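Participant: Submitted below is the structure of interest, expressed as structure tokens.
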2 protein chains.
Amino acid sequence: MKNHMEKTEAFLRLSSVLLLVLTALLIGLDHQTKFVFFAYRKASYDNVHALVVLVYVDAVVAGYNLLRLFGQCSSTPAAWVKANPNGSNINLAWLSLLLDQMAVYVAFGANSAAFQASVLGITGIPDFQWMKLCNKYTKFCIQMGGALMCGYVACLLLISISFITAFNLFRQYSPKRFLLLKSISD
Amino acid sequence: MKNHMEKTEAFLRLSSVLLLVLTALLIGLDHQTKFVFFAYRKASYDNVHALVVLVYVDAVVAGYNLLRLFGQCSSTPAAWVKANPNGSNINLAWLSLLLDQMAVYVAFGANSAAFQASVLGITGIPDFQWMKLCNKYTKFCIQMGGALMCGYVACLLLISISFITAFNLFRQYSPKRFLLLKSISD
């Protein structure tokens, strides 16, 4: 049954890698040139810092999950994936939980920031004389919306992964005494 | 020792409530009137949707944590806080973990979105003719920066709280067999 859980984790990691790469590609390849304000102007992801940051963040998080996937599928899976209650591997399990959590929050934060920038593109802020852009660059905005949706689905998968990691680590501990590892096999 | 952990959780919840309320107040009371573009103009949090959303989200999350705090300090703390491996309270423990996690992600996402809106206020987007605002509304922007910093500290506390909740729930499970509760007292 534990093997079953490992397969689920591997499947989730693979899916999240694919979705993160898809998000980065959809954003990175998104551009539209249009005749606005008496000149041809180009809307591209590198106009907005938040989108550039999201592309880099998604690439790094995808790379991290790919590494973890290789580690899990290689011949020595114990060190990274499983928490061995008798060895020093418990520290590695804590490290891997920490990294998984960091991956979730960095990806989710960057996605939310990019989402906010995109919402401003749709609504603008009239009080600040910031004009809405999505009525001009419609194709650009639709592709961006798709990319951000992929990004949020990837975040959901990353959250599930960190749940599994936390579950596998924390169930090694005693339910009665604080931070005491269980040695009895029950 | 478990009592010690409960005290820590209560302290974290109280601190997060105070910080969330402080964040909401700092944002809600933030406004600056200035003579710009041949007229007196007012910068206020309700110019930007993301800031309005953040005020409401922080209020709701603070209310939720206050409720949990009261539940924890009342005479029947078992139902909400502790996972009883023999009873049906394990479902309540899962629910409370789910709510804690939702609180974290909603608060963190709203904070990141508001952070992005504020960064745009500092930098503007020259390619889109969105002017920077923080050189005009300096006092407004400094107060907003302080509010967002409080918000991120509150998110860190919420993450710690959900770690404790997850730890207390997951350590009720067997380290060997999948989703099997431990009944042996070790």
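Participant: What is the helix-to-structure angle for A:2-28, meaning the angle in degrees between its Cα long axis and the longest Cα principal axis of chain A, kept from 0 to 90 and rounded to the nearest 10?
Facilitator: Helix A:2-28 sits at roughly 20 degrees to that axis.
Participant: Also, quick follow-up: Considering the options B:Leu157, B:Leu97, B:Ala147, tell which one lies farthest towards the positive end of the dipole of the range B:2-170, charges being +1 on Lys and Arg and -1 on Asp and Glu at the Cβ, about the Cα centre.
Facilitator: With unit charges placed on the Cβ atoms, the residue in question is B:Ala147.
Participant: What angle, in degrees between 0 and 90 and rounded to the nearest 10, separates the Cα long axis of helix A:138-170 from the longest principal axis of the Cα atoms of chain A?
Facilitator: 10
Participant: Give the carbon-plus-sulfur fraction of the accessible surface of chain B in %, rounded to a whole number; probe 1.4 Å, heavy atoms of protein chains only. Show your work: numbers first, answer last.
Facilitator: Values: 6430 of 9030 Å².
Of the solvent-accessible surface of chain B, carbon and sulfur hold 71 percent.
Participant: So, R0 is 51 Å and r is the distance between the beta-carbons of A:Leu18 and B:Val36; what FRET efficiency does that work out to, to 0.05?
Facilitator: For A:Leu18 and B:Val36, the calculated efficiency is 0.60.
Participant: I've got another one for you. Put a label point 7 Å from Cα along the Cβ direction on A:Pro126, then list its distances to the equivalent points in the other copies in nm, shortest first.
Facilitator: 3.0
Participant: Under unit Cβ charges (Lys, Arg +1; Asp, Glu -1), what dipole magnitude, rounded to 20 debye, does the protein assembly as shown have relative to its Cα centre?
Facilitator: Numbers: 30 positive and 16 negative charges, 47 e Å.
For the protein assembly as shown, the charge dipole is close to 220 debye.
Participant: So, with +1 on the Cβ of K and R and -1 on the Cβ of D and E, and no other charges, what is the size of the charge dipole of the range B:2-170 about its Cα centre, to the nearest 20 debye? Numbers along the way, then the final one.
Facilitator: Details: 11 positive and 7 negative charges, 68 e Å.
Charge dipole of the range B:2-170: 320 debye, to the nearest 20.
Participant: Moving on. Residues of the range A:124-143 that become at least 50 Å² less accessible with every protein chain present than in their own chain isolated, using 1.4 Å: which are they?
Facilitator: Buried-area filter returns A:Phe128, A:Gln129, A:Trp130, A:Leu133.
Participant: With the Cα gyration tensor of the range A:110-167 giving a ≥ b ≥ c as the square roots of its eigenvalues, does the rule (a/c under 1.5 for rounded; else a/b larger than b/c for prolate; else oblate) give rounded, prolate or oblate?
Facilitator: Oblate.
Participant: Shape verdict for the range B:2-170, please, from the Cα gyration tensor: rounded (a/c under 1.5), prolate (a/b greater than b/c) or oblate. Mind showing how you got there, number by number?
Facilitator: Values: a/c = 3.53, a/b = 2.80, b/c = 1.26.
Since a/c reaches 1.5 and a/b is larger than b/c, the shape of the range B:2-170 is classed as prolate.
Participant: Angle, helix B:89-123 long axis vs. longest principal axis of chain B, Cα atoms, 0 to 90°, nearest 10?
Facilitator: Once rounded, the angle reads 20 degrees.
Participant: Moving on to the next point. Put the label 7 Å from Cα along Cα→Cβ for A:Tyr40; what are its distances to the other copies, in nanometres, shortest first?
Facilitator: 4.8
Participant: If you plug each phi of the range B:42-49 into the Karplus form 6.51 cos²θ - 1.76 cosθ + 1.60 with θ = phi - 60°, what whole-Hz ³J(HN,Hα) values come out, in order, with x for Gly and Pro?
Facilitator: 10, 8, 9, 5, 7, 6, 10, 4
Participant: Please work out the average accessible area per residue across the protein assembly as shown, using the 1.4 Å probe convention, and give it in Å².
Facilitator: Working: 18040 Å² over 372 residues.
It amounts to 48 Å² per residue over the protein assembly as shown.
Participant: Grab the other residues whose beta carbon is less than 12 angstrom from that of A:Asp30, score K and R as +1, D and E as -1, and report the net. Display every interim value, and only then the final one.
Facilitator: Details: positive: A:Lys42, A:Lys139; negative: A:Asp46.
Taking every Cβ under 12 Å from that of A:Asp30, the sum is +1.
Participant: Here's another thing I want to ask about it. Give me the summed buried accessible area for the A-B pair, 1.4 Å probe, to the nearest 100 Å². Each step should come with its number before you reach the end.
Facilitator: Numbers: alone 11470 and 11490 Å², together 18040 Å².
Accessible area lost upon association: around 4900 Å².
Participant: For B:Leu66, place a label point 7 Å out from Cα along the Cα→Cβ vector, do the same in each other copy, and report the separations in nm, one decimal, smallest first.
Facilitator: 4.9
Participant: Quick one: of A:Lys176/B:Lys7; B:Lys7/B:Lys139; A:Lys136/B:Lys34; A:Lys34/B:Lys132, which pairs are farther than 27 Å apart, Cα to Cα? Walk me through the intermediate numbers first.
Facilitator: Details: A:Lys176/B:Lys7 16 Å; B:Lys7/B:Lys139 39 Å; A:Lys136/B:Lys34 31 Å; A:Lys34/B:Lys132 24 Å.
Correct reply: B:Lys7/B:Lys139; A:Lys136/B:Lys34.
Participant: Could I ask something else about it? When only C-alpha pairs under 8 Å and at least 6 residues apart count, what is the relative contact order of chain A, in percent?
Facilitator: On the way: 214 pairs, mean separation 56.0, N = 186.
Value for chain A: 30 percent.
Participant: Can you list residues whose amide H is under 5 Å from A:Leu180's amide H, if they're 5+ apart or on another chain and H is modeled 1.01 Å from N?
Facilitator: Long-range HN contacts for A:Leu180: A:Ser174.
Participant: On to the next question. First check a/c for the protein assembly as shown, with a ≥ b ≥ c the square roots of the eigenvalues of its C-alpha gyration tensor; if it is under 1.5, answer rounded, and if not, answer prolate when a/b is larger than b/c or oblate otherwise. Could you put the intermediate results ahead of the total?
Facilitator: Numbers: a/c = 3.10, a/b = 1.56, b/c = 1.99.
Since a/c reaches 1.5 but b/c is at least a/b, the shape of the protein assembly as shown is classed as oblate.
The values are calculated or read from the model by the stated rules, or taken from the named source; none is laboratory data. Note that the coordinates shown come from a computational prediction; the quantities given were computed from them, not determined experimentally. Using ideal geometry, Cβ is built from the backbone for each residue, glycine included, and neighbour counts are taken over all protein chains shown. Quick note on the areas: whole protein, heavy atoms, side chains included, nothing else; ligands and nucleic acids left out. Shrake-Rupley method; radii C 1.70, N 1.55, O 1.52, S 1.80 Å.
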